[in-house]
Amino acid sequence: MTAAPAARPAAGTGAGPGPAAAAPRRPLPGRDALLGVAGGAAFLLVWEAVPRTPAVSADHLPPASEVLATLAARSATGAFWSAVGATVSAWALGLAIAFAAAVALGLAIGSVPALRAATASTVEFLRPIPSVALIPLAILMYGSDLRSTLLLVVYASFWQIYIQVLYGVADLDPVAEQTARAYGLGRWARLRHLVWPTALPYLLTGVRLGAAVALILTITAQLTIGTPGLGQEISVAQSSGAAPLVYALIVATGLLGVAVNTGVRAVERRLLRWHSSVRGEAAV
């Protein structure tokens with residue numbers, strides 16, 4: 001009884017090398033940046049054109065050229081940079097406090113399953129409360145002091161980081177943990193060499209999310225409570241009816257948000273250069 005001849009792979013199925021198997025094309029260097037610049041330019045062109053039509057009054061939506069000229073003139077003043085400094089200082093201080101509290105509590109509670117289960121209902125009750133709902137409480141407690149802004153910023157950004165730390169601690173490999181125990185590693189050694197590297201990607205994701213939320217709440221608190229910063233400058237410009245200045249300051253807050261996100265992403269890539277996700281991103 002003779003063996004049946006082996007079947008050949010169909011052409012174009014990718015079972016073997018050949019002209020049908022095309023190598024994946026890599027994106028051109030700087031392609032995303034060029035697309036971003038093109039999208040921004042298109043947005044500015046639309047913004048410039050719409051106020052010059054009967055659809056929208058230029059009194060309510062000034063053209064982009066007028067807004068950018070106002071922003072350039074405003075950025076040449078010391079008051080503008082004082083407001084930017086006040087906003088950045090409140091943002092950084094609030095985020096730092098939230099980071100320290102979230103890491104300490106997240107590692108302590110996440111490492112004890114019983115403690116995590118006991119606090120789960122409390123976390124699920126407090127976390128959905130909008131930070132802006134605490135504005136009246138902040139005003140009653142601290143008035144227009146910086147502490148009012150910090151209360152909102154810390155509360156909002158704390159949950160972003162804390163939940164990610166809990167996820168990171170829970171993602172610990174049981175085999176690696178048992179191996180560490182078998183080799184006699186103590187609690188601090190396991191925390192440093194096992195828990196921390198596992199939780200670090202989650203932690204940095206929480207910091208990136210918390211940084212954006214912290215900036216939003218910083219501007220919101222300054223806008224509503226009246227603490228010094230860009231938010232207060234927007235409120236004053238709106239009260240005086242200076243529409244171009246209002247839009248210019250809003251654009252400034254957007255640019256500040258881009259700078260914050262870019263900086264946090266750069267730190268994340270540097271600290272996670274050993275991680276597979278960052279290596280894959282760099283390879284692309």
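The values are calculated or read from the model by the stated rules, or taken from the named source; none is laboratory data. Please read all numbers here as calculations on a predicted model, not as lab measurements. Reconstructed Cβ throughout: ideal geometry from the backbone, glycine too, with neighbour counts over all protein chains shown. Side chains are part of the model used for accessible areas, which takes the heavy atoms of the whole protein and leaves out ligands, DNA and RNA. Shrake-Rupley method; radii C 1.70, N 1.55, O 1.52, S 1.80 Å.
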Problem set entry | Highest-fluctuation residue, ALA104, ALA212, ALA176 considered, GNM on the chain with Cα pairs under 10 Å | ALA176
Seminar exercise, completed: Once normalised by the length of region 66-283, the mean sequence separation of its alpha carbon contacts under 8 Å that are 6 or more apart gives a contact order in percent of 27 percent
Problem set entry | For the chain, fraction of C-alpha pairs farther apart than 28 Å, in % | 57 percent
For this session: For region 66-283, build the charge dipole from Cβ charges (+1 Lys, Arg; -1 Asp, Glu) around the Cα centre, then report which of TYR202, ALA212, ALA189 sits farthest towards its positive end.
Result: ALA189
Seminar exercise, completed: Carbon/sulfur accessible area of the chain, % of total, 1.4 Å probe, equals 67 percent
Problem set entry | Residue-normalised accessible area of the chain, given per residue in Å² at a 1.4 Å probe | 60 Å²
Seminar exercise, completed: Per-residue accessible area, 1.4 Å probe, largest first, puts TRP47, TRP274 in the order TRP274, TRP47
Exercise. For the chain, what is the charge dipole size about the Cα centre, in debye to the nearest 20, if Lys and Arg each add +1 at the Cβ and Asp and Glu each add -1 at the Cβ?
Worked result: 1020 debye
Seminar exercise, completed: Expected max-MSF residue from PHE99, PHE80, PHE125 in the GNM of the chain (alpha carbon, under 10 Å) is PHE125
Problem set entry | Rounded FRET efficiency, nearest 0.05, which uses the C-beta distance separating VAL50 from VAL258 and R0 of 25 Å | 0.65
Problem set entry | Computed [θ] at 222 nm, deg cm²/dmol, the chain (DSSP H ≥ 4; -39,500 (n - 2.57); rounded to nearest 500) | -23500 deg cm²/dmol
Problem set entry | Over region 207-267, relative contact order from alpha-carbon pairs under 8 Å, at least 6 apart, % | 34 percent
